[in-house]
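Reading through the structure tokens given below for one structure.
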Amino acid sequence: MRVQSAITALAVLVTSVAAEERVSYEGYKVYRIDTHDESEQIHKLIDGLHAVEVSCGESDHFDLAVAPEDVEAFQALGFDAFLLSEDLSVDLAEEGPVESFYESDANFTLEARQQSLPALSWFNLYRPYVEHATFFSQLQAAFPSNSRIFNVGNSYQGRSIYGIHLWGPGGQGSRPAVYFHGTVHAREWISAPVVEYLTWHLIDGYRNNDPLVRSFFDKYDFYIVPFVNPDGFVYTQSTDRLWRKNRQPRSGSSCVGTDGNRNWNFQWSTPGGASTSPCSETYRGQAAGDTPEIRALTTFTNSLSTRGIKLFIDWHSYGQYILLPYGYNCQARAPNHNAQMSVAAGFSNAIRAVSGTRFTYGPSCSTLYATTGSSPDYMGGAMGAEYSWTVELRPGPGGGSSGFVLPASQIVVSGREQWEGIKYVLSTI
Ligand code: 0X9
Ligand code: ZN
């Protein structure tokens, strides 16, 4: 008996160690598959393959990374597909290393941290999860009378879902909210640094009496949550770079994870914009708000409704889109649709003025694809947010073999594009 339980314990240990091994994408070939309106049928056929979907795109095609051992089986299926990449691991490497900022940067004495904003070299590389919290506490310490760090609750694995609240001369909580979410999808790494870049510039502008930035603080309180899905993000740094969902298991399934952008309580059960299968990348959960992350954020979001939400942006990648309401239905439009289209047009122009990058704008469902239970739909449809958008950051829809991996050399320019865009938006709405 004792021997048996020791063996069981060992087996559990071995299994959990094996589960934590880093996923290698060496030799994975990436194909773009034309769906010819048979997406469901194609997905059924590829179900048994060792493969991962790496696209975010129009519904007429999708990109699939196929493990070396299943390339032959994939080719035998005879889809209308072409090869995007010979070896996904080579493309992933272009992202650059995840490097510590606070350990290696000699300028960061405790005293400096307490008084100044982090050096802009923070944005030169992707950073480990734990250092993002340090980055935010440094921002807060540099803006002590006009900011606070808040926690909306904990993730499935118990990590704090934190944010920073910034306010102006009216005092804390006196103005309508400008509300940003980042890293809903774990693998979309560019999201957090862009949101951080915006936060850095808001604080810097206020501290330096920039009249434009000061005018934003006269009108709005800012609430910025950089990691809606901390567990998923940590998992992309430790184990699987291409993980998307949260890390919550479901009874009766060996698949892990719910899509945080399908779990909000707005049109959650409308068919066509989410999956009911726990193994799908767009699994919606068993009930609206049944993930700890979205439950906590829903409570927090509802508390903002007193002063109203002027602007909500959910920052994702990739494809270079500005997506307006709604996702759940391709005919549904917000009551102020024309105003949202016109501000989105100006936003897109301001982005393009930085270095020619084009962002397409339009209602989410008709521009991209149907999504139900998404956060922008909830903010617009249930909370009455006046402007409620998804921004899909760089790269563009071409995306290379995995658009979720953007070279670190493009973090700063991505931040600059969004900062110029947001300045236009905040001066216009
Ligand atoms: O599918 C998604 O959740 C988003 N694309 S991603 O590749 N980043 O996963 C698009 C969501 C758009 N939906 C709404 N704005 N309603
Ligand atoms: Zn996303």
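Miscellaneous remarks
- Members of the range 184-202 that are of a type in the set (Val, Ile, Thr) and farther than 15 Å from GLU420 by Cα: VAL184, ILE190
- Residue count for the range 374-390, restricted to those that are under 15 Å from ALA177 (Cβ atoms) and open to solvent by less than 30 Å² (accessible area, probe 1.4 Å): 9
- Top-ranked residue in the range 340-359 [being over 23 Å from ASN261 (Cβ atoms) and open to solvent by less than 50 Å² (accessible area, probe 1.4 Å); ranked as nearest to the chain's Cα centre (by Cα)]: THR357
- Among the candidates ARG284, ARG295, ARG307, the residue that is more than 22 Å from ILE164 (Cα to Cα), open to solvent by 20 Å² or more (accessible area, probe 1.4 Å) and touching a residue at least 24 places away in the same chain (Cβ under 8 Å) is uniquely ARG284.
Rundown of residues vs (1) open to solvent by less than 20 Å² (accessible area, probe 1.4 Å); (2) touching a residue at least 24 places away in the same chain (Cβ under 8 Å); (3) more than 24 Å from SER215 (Cα to Cα); (4) within 16 Å of ligand 1 (Cβ to nearest atom), yes/no style:
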position: GLU392; (1), (2), (3), (4): yes, yes, yes, yes
position: SER409; (1), (2), (3), (4): no, yes, yes, no
position: VAL413; (1), (2), (3), (4): no, yes, yes, no
position: GLU417; (1), (2), (3), (4): yes, yes, no, no
position: LYS423; (1), (2), (3), (4): no, yes, no, no
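- Residues satisfying the stated conditions in the range 63-83, i.e. touching a strand residue (DSSP E or B) at 6+ places or on another chain (Cβ under 8 Å) and of a type in the set (A, V, I, L, M, F, W, C): LEU64, ALA65, VAL66, ALA67, VAL71, PHE74, PHE79, ALA81, PHE82, LEU83
- Members of the range 52-92 that are open to solvent by 70 Å² or more (accessible area, probe 1.4 Å) and not in a helix (DSSP H, G or I): SER59, ASP60, ASP80, PHE82, LEU83, GLU86
- Subset of the range 310-321 [away from ligand 2 (no atom under 14 Å from the Cβ) and open to solvent by less than 10 Å² (accessible area, probe 1.4 Å)]: LEU311, PHE312
- Residues being modelled with pLDDT under 95 and either on the phi > 0 side of the Ramachandran plot or within 14 Å of ligand 2 (Cβ to nearest atom) (or both) - total across the range 367-396: 3
- Selection from the range 322-339 of residues that are within 12 Å of ligand 1 (Cβ to nearest atom) and surrounded by fewer than 24 Cβ atoms within 10 Å (Cβ to Cβ): TYR328, ASN329, CYS330, ALA332, ALA334
- The condition (being part of a loop (DSSP other than H, G, I, E, B) and open to solvent by less than 30 Å² (accessible area, probe 1.4 Å)) is satisfied by just one residue among GLU95, GLU131: GLU95.
- Among the numbered conditions (1) within 24 Å of ARG159 (Cβ to Cβ); (2) away from ligand 1 (no atom under 14 Å from the Cβ), the only one that ARG244 does not meet is (2).
- Screening SER401, SER388 for residues that are polar (S, T, N, Q) and either within 20 Å of VAL194 (Cα to Cα) or free of Cβ contacts under 8 Å to residues at least 12 places away in the same chain (or both) leaves exactly one candidate, SER388.
- Among the numbered conditions (1) more than 16 Å from ligand 2 (Cβ to nearest atom); (2) at pLDDT 95 or above; (3) farther than 22 Å from ILE309 by Cβ, the only one that TRP189 does not meet is (1).
The values are calculated or read from the model by the stated rules, or taken from the named source; none is laboratory data. A quick note: this is a predicted structure, and the numbers were derived from the prediction, not measured. Positions of Cβ are backbone-derived with ideal geometry, glycine not excepted, and every protein chain shown enters the neighbour counts. Heads up: the accessible areas ignore ligands, DNA and RNA and are worked out on the full protein's heavy atoms, side chains in. Shrake-Rupley method; radii C 1.70, N 1.55, O 1.52, S 1.80 Å.
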